[in-house]
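Have a look at the structure below, then the notes.
The values are calculated or read from the model by the stated rules, or taken from the named source; none is laboratory data. What you see is a predicted model, and the numbers here were worked out from it, not measured in a lab. As a convention, Cβ positions derive from the backbone with ideal geometry for all residues, glycine included, and neighbour counts pool all protein chains shown.
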Amino acid sequence: MNIKVLYFSIVFWAFCFLKVDSQNKDVDLVRTKTESTDFYHFKTKGGMEQNSITSIAQDSLGQMWFSTKDGLLRYNGKEFFTYKHNSDNPSSIGNNFLNSVFVSKDGSVRATSIGLAKYNLETDDFEPIVPNVLSDIEIYAISQDSNGILWFIDRNSTLFRYDDYSKELQSYGISNRQESFCKNKVSKGHL
C-alpha cells in the first residue's frame with residue numbers, strides 16, 4: 001500500500017466521530033424533537049463546564065467523553081465528571097487543551113493533548129503513554145488499525161505508530177527534500 005494513502009487514511013479515520021446518543025435528562029438540557037431523532041442540548045450551567053468541544057467518543061460502558069479546550073469531560077448519563085491537568089499529580093492528563101479523545105478496540109479511553117494518556121477505570125485517573133518521549137509532543141488525532149496498533153499525528157505532521165502490547169513506539173516523519181516518509185525508531189521499552 002502506498003504510504004501516502006495510508007497516512008491520509010489514518011488522518012481521515014482519526015477525525016470520524018462515534019454517534020452521540022444521550023437518553024438521560026437529569027442534566028440541564030434542552031430536548032429538540034425531529035421526525036426521526038431526539039436531540040439533547042447540554043448547557044454549561046447543568047454540569048458541562050466547557051462548551052468548546054474538540055472531539056466526542058463513547059466507551060464500552062455507554063459513557064460519553066468530550067475533549068475540550070479546558071479539560072476532558074465524562075458523562076455517565078446522569079452527571080458530568082471533569083479531568084484537568086494537575087502538575088502535582090503525574091496521573092492527571094498532560095494538558096487542559098485536549099485535541100481528541102478516542103476509545104480503542106479493547107475499550108480503553110485515550111486522550112491527546114501534550115502527550116498521550118490512557119484512562120484507568122479502577123483508579124479514575126490517567127497513565128501517560130511513553131512519557132519520556134511524548135511528554136512534550138502535541139498530538140492532534142488518533143486512530144487504530146485492525147491489528148490494534150494505535151496511530152497518531154502531531155503538530156509537525158509526524159505520524160506515530162504505537163503497539164500497546166509491546167510498548168514499541170515508532171515515528172514516520174515527512175522529508176521535505178525527498179517528499180517521502182522516512183522511518184525513525186523513537187523508543188522501545190516498557191512503561
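Odds and ends about this structure:
- A count restricted to segment 114-171 and to residues that are of a type in the set (Ser, Thr, Tyr), surrounded by 14 or more Cβ atoms within 10 Å (Cβ to Cβ) and not in a strand (DSSP E or B) stands at 1.
- Every listed requirement among (1) modelled with pLDDT of 90 or more; (2) of a type outside the set (Lys, Arg); (3) under 15 Å from GLN63 (Cα atoms) is met by ASN147 save one, (3).
- Unmet criterion (only one of (1) more than 17 Å from ASP59 (Cα to Cα); (2) at pLDDT 90 or above) for ASN156: (2)
- When each of PHE80, PHE97 is tested for being at pLDDT 90 or above and surrounded by 14 or more Cβ atoms within 10 Å (Cβ to Cβ), the lone residue that passes is PHE97.
- Of all residues in segment 111-132, those satisfying the criterion of being over 17 Å from PHE81 (Cβ atoms), under 10 Å from the mean Cα position of the chain (by Cα) and of a type outside the set (Gly, Ala, Ser) are THR112, LEU116.
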